[in-house]
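The values are calculated or read from the model by the stated rules, or taken from the named source; none is laboratory data. Here the structure is a predicted model, which means the values were calculated and not measured. Positions of Cβ are generated from backbone atoms using ideal geometry, with glycine treated the same way; all protein chains shown enter the neighbour counts. Note: areas computed on protein heavy atoms with side chains; ligands, DNA, RNA excluded. Shrake-Rupley method; radii C 1.70, N 1.55, O 1.52, S 1.80 Å.
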Amino acid sequence: MLKEKMLSALNEQINKEIYSSYLYLSMSAYAQTLGLPGIANWMKIQAQEELTHANKFFDYIHERNSRVILKPIDAVDSEFGSVTEMFKRVLEHEQMVTESINNLMDISIELSDHATRSMLMWFVDEQVEEEANVQDIIDQLNLVDAKGHGLFMIDKDLGARVFVDETQNE
Ligand code: FEO
């Protein structure tokens with residue numbers, strides 16, 4: 001069984017991952033309104049990925065014979081400004097998630113919960129990748145000129161993203 005402090009923090013993390021999914025789904029809808037189907041596709045796949053993260057925590061809590069408690073998911077915005085502003089918001093959000101994963105790691109170390117620490121390593125690595133991917137997109141968007149030249153190509157590239165459940169590749 002998980003210790004109460006660890007369990008409570010892991011349950012909170014499920015909420016954060018589902019909130020992330022909800023946020024990216026809203027960004028996907030917003031990208032559709034801007035006429036950018038590729039970016040809408042990228043955000044929708046990002047939303048799907050976040051649900052796999054939530055499920056990884058959900059399954060882990062059960063593996064440790066402990067109880068999942070689901071809390072309400074906060075509302076998300078529906079307007080995100082320019083495409084660059086929207087991706088900057090994604091990066092800020094992912095940095096917040098990274099902090100949260102680091103906090104979980106600190107708790108697992110404090111409680112000498114080696115199994116949870118081992119499970120969390122996957123998320124530590126995943127966050128490095130997520131932040132790097134979003135930073136790459138922001139760098140590309142910074143090259144788009146005032147007339148929007150280049151945005152079409154970025155949208156086309158992001159439209160090629162396909163969903164892969166990376167929690168299954170361990
Ligand atoms: Fe589940 Fe994007 O971190």
- So which GluC sites (Glu not before Pro) in the stretch 1-77 end up in coil per DSSP with only 13 or fewer other C-beta atoms within 10 Å? none
- For the chain, built as a Gaussian network whose Cα springs stay under 10 Å, the top-fluctuating residue of Thr33, Thr84, Thr116: Thr33
- Using only alpha carbon pairs under 8 Å that are at least six residues apart, calculate the relative contact order of the chain and give it in whole percent. 32
- Counting only protein heavy atoms, what percent of the accessible surface of the chain is carbon or sulfur at a 1.4 Å probe? 53
- Query: So what does Ser21 come to for accessible area, using a 1.4 Å probe and Å² rounded to 10?
  - Reply: 10
- Task: Send over a whole-number figure in Å² for the accessible area per residue of the stretch 4-165, probe 1.4 Å.
- Result: 52
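Charges only on Cβ, +1 for Lys and Arg, -1 for Asp and Glu: so what's the dipole of the chain about the Cα centre, in debye to the nearest 20? Intermediate results must be reported in sequence, preceding the final value.
Numbers: 14 positive and 30 negative charges, 88 e Å.
Value, rounded to 20: 420 debye.
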- Note on the structure: A student applying the Cα gyration tensor rule (rounded when a/c is under 1.5; otherwise prolate if a/b is larger than b/c, oblate if not) would label the stretch 1-50 prolate
- Message: Under 10 Å, Cα contacts only: if you run a Gaussian network model on the chain, which one of Lys147, Lys88, Lys156 comes out with the highest mean-square fluctuation?
- Response: Lys147
- Task: Compute the Cα gyration tensor for the stretch 60-139, then decide on rounded, prolate or oblate, letting a ≥ b ≥ c be the square roots of its eigenvalues: rounded whenever a/c is under 1.5, prolate when a/b is larger than b/c in the other cases, and oblate in all that remain.
- Result: oblate
- Task: Excluding residues on the same chain fewer than 8 positions from Lys147, give the lysines whose Cα lies under 25 Å from its Cα.
- Result: Lys88, Lys156
- Task: State whether the chain is rounded, prolate or oblate according to the following rule on the C-alpha gyration tensor (a ≥ b ≥ c being the square roots of its eigenvalues): a/c under 1.5 gives rounded; otherwise a/b larger than b/c gives prolate, and the remaining case gives oblate.
- Result: prolate
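What dipole magnitude, in Debye to the nearest 20, does the stretch 101-153 give about its Cα centre under +1 on Lys/Arg Cβ and -1 on Asp/Glu Cβ? Spell out each step's value before the answer.
Details: 2 positive and 11 negative charges, 32 e Å.
Computed charge dipole of the stretch 101-153: roughly 160 debye.
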